[in-house]
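Novice: There's a structure below that I have some questions on.
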Amino acid sequence: MTLGLLISGLGRGASTPPALPAGWQPRLAALLPATSQTATLLERRPSISTVELQLRVASVGGNPEALQQVIVNAARGLQPTYDERLGISREEFKRYVVFQEVLASTGKSFRLAVTRDASHVTFGDGPYMDGVLRGVSIDLKTGEMRGPEGFSARPTTVTPSAAPDRGLDVRSGFQWRMTGSNATTGNGVRGTLSLLHLSSGRVVLSYTRTSMIRRAVDTGELIVEYTR
């Protein structure tokens, strides 16, 4: 993969993110992990949503037993089978059974390779981290995120939202979109770091990125959950 392919479709001029609301700095500092923060590794898992199907079948007076069987199969991760007793067409059935991804705990807890002082939070590498965050730092005063590729990004705030399909009820948060390329050094990056404060009080930190350093391409994703 060439550097050009890595950044294809990206604008050369990054737009300036909107101004952050008053009091954002203490909130950012409170959400970022502490030195050697204990965290739980999360992963994306396939899931089948039948919420819309249940509403539709109920509205047409479909057979409750047939619907229950579909729900049970979906909960087991099995492909739901169409049953005409549902009272809807096969085409409607396919439309209302939604395949999606949810975040789930792997059951693996570990200490994040992270250090912080009065001005920065800096990530290293360690077990389960797979080098995804290695060399990433966040300035606690400006909010600027810098990566090992030599580029930076400013944060935007995350709009509160309930996302039952992913099991996330987001109270607040921050997000950084890192993009950049340098044909001379052979470095480039396209990534998104999200820091989400859930209504449960837990914090979800995720970083998904494709990185190139001296023309060596690496992709990775790390999703963890912790309490501050």
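The values are calculated or read from the model by the stated rules, or taken from the named source; none is laboratory data. Just so you know, these numbers come straight off a predicted model, no measurement behind them. For neighbour counting, all protein chains shown are included, and Cβ atoms are generated from backbone atoms with ideal geometry for every residue, glycine included. Note: accessible area is taken over every heavy atom of the protein model, side chains too, but ligands, DNA and RNA are not part of it. Shrake-Rupley method; radii C 1.70, N 1.55, O 1.52, S 1.80 Å.
Novice: Considering the options 49, 222, 115, tell which one lies farthest towards the positive end of the dipole of the chain, charges being +1 on Lys and Arg and -1 on Asp and Glu at the Cβ, about the Cα centre.
Specialist: Going by the Cα projections, it comes out as 115.
Novice: Angle, helix 64-75 long axis vs. longest principal axis of the chain, Cα atoms, 0 to 90°, nearest 10?
Specialist: In the chain, helix 64-75 runs at an angle near 30 degrees to the longest axis.
Novice: Just one of [x] 1.24; [y] 0.93; [z] 1.11 is Cα Rg over 2.2 N^0.38 Å as worked out from the coordinates here. Which one is it?
Specialist: Step by step, Cα Rg over 2.2 N^0.38 Å for this structure corresponds to label [x].
Novice: Measuring from a point 7 Å past the Cα of residue 171 along Cα-to-C-beta, which residues in region 182-205 have an amide N at less than 14 Å?
Specialist: It comes to 196-204, nothing else.
Novice: Along region 205-215, what does the Karplus equation 6.51 cos²θ - 1.76 cosθ + 1.60 (θ = phi - 60°) give for ³J(HN,Hα), rounded to whole Hz, x for Gly and Pro?
Specialist: 10, 9, 9, 10, 7, 10, 10, 10, 10, 6, 6
Novice: Stretch residue 19-residue 221 to full length: gain in nm at 0.36 nm per residue minus the Cα-Cα span?
Specialist: Working: separation 202, 0.36 × 202 = 72.72 nm, distance 2.77 nm.
In short, 69.9 nm is gained.
Novice: Next up: Let me spell out the model: positive unit charges on the Cβ of Lys and Arg, negative unit charges on the Cβ of Asp and Glu, origin at the Cα centre of the chain. What dipole size does that give, in debye rounded to 20?
Specialist: Here the size comes out at about 540 debye.
Novice: Where the accessible area of region 153-213 is counted over protein heavy atoms with a 1.4 Å probe, how much of it, in %, is carbon and sulfur?
Specialist: Within region 153-213, the accessible surface is 49 percent carbon and sulfur.
Novice: Of the options 160, 67, 193, report the single residue whose Cα projects farthest towards the positive end of the charge dipole of the chain (beta-carbon charges: Lys, Arg +1; Asp, Glu -1).
Specialist: With unit charges placed on the Cβ atoms, the residue in question is 193.
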